[in-house]
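Data block below; observations after.
The values are calculated or read from the model by the stated rules, or taken from the named source; none is laboratory data. On a predicted model such as this, the values are computed, not experimentally measured, just so you know. Heads up, the Cβs are rebuilt from the backbone with ideal geometry, glycines too, and the neighbour counts pull from every protein chain shown.
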Amino acid sequence: MVETNMLEKYAELALRTGVNLQKGQALVVNSSIEGVDFTRIVVRKAYELGAKNVHVNWSDDELTLLKYENAPEEVLTNIPQWQVDKQLSFAKDGAALLSIRSTNPDLLKDIDAERVAKASKAGAEAMKEFRTYTMNDRIPWSIISIPTGDWAQKIFPEKSKEDAIESLWEQIFTIVRVDQEDPVKAWDEHNTLLRKAREFLNKKKFQKLVFKAPGTDIEFELPQGHIWKGGSAKVAGTDLDFNPNMPTEEVFTMPHKYGVNGTVASTKPLNYGGNVIDNFSLTFKDGKVVDFEAEQGYDTLKHLLDTDEGAKRLGELALVPHESPISQSGLIFYNTLFDENASCHIALGKAYPTNMEGGSDMNDKELDEHGVNDSLTHVDFMIGSADLDIDGVTADGETEAVFRKGSWALDFDA
């Protein structure tokens, strides 16, 4: 049985450190009905912290599956304008956004991949304006996860539903530092370490990073003016910090959309759109995917790459040491929020404009000219391992070890 005290600490951490909820601010929560008890704690805590309004967008895996199984395609691809307007109204009011993710990784495994892809693309197109608020940090936003039965048993298949859920709660509390006496303080210290890493890399201004590991031999050109970020972020135009991802172990930037060459192999399964893609590789030429393979989820990967032109290019490059707590757990979570923080990763699709100097103020043409990728999608997948070596190449051609055997080779205090 999960202690109520731990749930309360987790909810408070998500509100204080995750979205950094302010008195008089509205909060939007995306959550599953399977997490109703925890969500109610979050809502109560939010009002106690002074939220003026808390709105919950509920989802239900069973209803989602029934819709995919039975609704005509025109229903799946029609996003009512009122749904878009509702989200935009909160964003324009400066609301904080907290997403509590807990979807069954295999939910849509028996649904035609093209059907899922069309629905995902329609949703992305409809919410394009809303996404500018999150991807440009105009509002505070954060993503956390809680266990559900199907997800927990995917990770712990040998356990009963109840035991699997309890085991997953224990893992989450440890990884997100909720098990520490003062989780907020622990996150302040963690953010300080990540800030040191990103500031060091920003001073280096590497022109290129070269990744080598079994199945991977690839070069990522970094655009001039790129910015490394990681840990906490700031709401645009303010000094308010928030943590977009909890957990997070990464520092990240963007590769040049036309400057990626070589082949990269996945090191962990990717849960995308209710389907698992596993043991896959991508070959890039001048930034674009020109060939790909997958032992599992080939059709799903193909439809992801066909989302739009930008889906075949990269928008993120993230460094995570192999000794991260998530990696050391030895578990595969089938949840990108967790798995991406166990491993170096890259993302197909849209880049965060905040990873480019002045990027938030650039129009689409200017972003493209600076090598910033645009797309309706942004999907992270894992490429790191204990065998990964990374070299940084400076503007004058000098090479420096960044990672060796999956761990940092740089001295951030030097």
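What the table shows:
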{"read-out": "Residue satisfying all of: in the range 345-376; more than 12 Å from the chain's Cα centre (by Cα) and β-branched (Val, Ile, Thr); farthest from Leu209 (Cα to Cα) among these", "value": "Thr354"}
{"read-out": "Residue pairs meeting the criteria (Cβ under 9 Å; at least 6 apart or on separate chains; first among the acidic types (Asp, Glu), in the range 306-318; second surrounded by fewer than 23 Cβ atoms within 10 Å (Cβ to Cβ) and assigned to a loop (DSSP other than H, G, I, E, B))", "value": "Asp308/Asp374; Asp308/Ser375; Asp308/Leu376; Asp308/Thr377; Glu309/Asp374; Glu309/Ser375"}
{"read-out": "Any hit, the range 162-170, residues being touching a residue at least 60 places away in the same chain (Cβ under 8 Å) and surrounded by fewer than 16 Cβ atoms within 10 Å (Cβ to Cβ)", "value": "no"}
{"read-out": "Qualifying residue in the range 193-215 (condition: surrounded by 21 or more Cβ atoms within 10 Å (Cβ to Cβ), of a type in the set (Phe, Trp, Tyr) and under 30 Å from Thr148 (Cα atoms))", "value": "no"}
{"read-out": "Residue identified as assigned to a loop (DSSP other than H, G, I, E, B), of a type in the set (Asp, Glu) and within 20 Å of the chain's Cα centre (by Cα) among Glu323, Glu316", "value": "Glu323"}
{"read-out": "Residues (in a helix (DSSP H, G or I) and of a type outside the set (S, T, N, Q)) located in the range 326-362", "value": "Ile326, Leu337, Phe338, Asp339, Glu340, Ala342, Pro353, Gly359, Asp361"}
{"read-out": "Spans of helices (runs of 4 or more DSSP H) in the range 16-78 with at least 3 residues farther than 17 Å from Ala96 by Cα and of a type outside the set (A, V, I, L, M, F, W, C)", "value": "61-70"}
{"read-out": "Evaluation of Trp228 against (1) crowded, with 18+ Cβ neighbours inside 10 Å; (2) among the hydrophobic types (A, V, I, L, M, F, W, C); (3) under 26 Å from Ala95 (Cβ atoms) (one fails), failing number", "value": "(3)"}
{"read-out": "Residue that is nearest to the chain's Cα centre (by Cα), among those in the range 379-401 that are outside any loop (DSSP other than H, G, I, E, B) and either over 14 Å from Glu250 (Cβ atoms) or not assigned by TED's automatic domain parsing to the domain that holds Ser324 (or both)", "value": "Val379"}
{"read-out": "Residue within the range 200-220 that is part of a helix (DSSP H, G or I), at pLDDT 95 or above and under 18 Å from Asn341 (Cβ atoms) present", "value": "yes"}
{"read-out": "Strands (runs of 3 or more DSSP E) enclosed by the range 232-303 - at least 2 residues per element that are under 24 Å from Ala119 (Cβ atoms) and modelled with pLDDT of 95 or more", "value": "275-285, 288-296"}
{"read-out": "Test: residue in the range 138-145 that is outside any loop (DSSP other than H, G, I, E, B), within 19 Å of the chain's Cα centre (by Cα) and within 17 Å of Gly349 (Cβ to Cβ)", "value": "yes"}
{"read-out": "Flag for Gly237 being surrounded by fewer than 21 Cβ atoms within 10 Å (Cβ to Cβ) and under 22 Å from Leu98 (Cα atoms)", "value": "yes"}
{"read-out": "Residue list for the range 95-122, restricted to those being touching a residue at least 60 places away in the same chain (Cβ under 8 Å) and not in a loop (DSSP other than H, G, I, E, B)", "value": "Ala96, Leu97, Leu98, Ser99, Ile100, Arg101, Ala113, Glu114, Val116, Ala117, Ser120, Lys121"}
{"read-out": "Tally of residues being under 24 Å from Phe38 (Cβ atoms) and basic (Lys, Arg) across the range 58-93", "value": "1"}
{"read-out": "Sole residue being without any contact (Cβ under 8 Å) to a residue 12 or more places away in the chain and more than 18 Å from the chain's Cα centre (by Cα), chosen from Gly215, Gly237, Gly225, Gly262", "value": "Gly237"}
{"read-out": "Unique match (being at pLDDT 95 or above and either farther than 16 Å from Leu337 by Cβ or among the hydroxyl-bearing types (Ser, Thr, Tyr) (or both)) among Pro183, Pro147", "value": "Pro183"}
{"read-out": "Qualifying residue in the range 97-113 (condition: surrounded by 15 or more Cβ atoms within 10 Å (Cβ to Cβ), among the small types (Gly, Ala, Ser) and at pLDDT below 95)", "value": "yes"}
{"read-out": "Residue list for the range 40-57, restricted to those being within 23 Å of the chain's Cα centre (by Cα) and under 23 Å from Val84 (Cβ atoms)", "value": "His55, Val56, Asn57"}
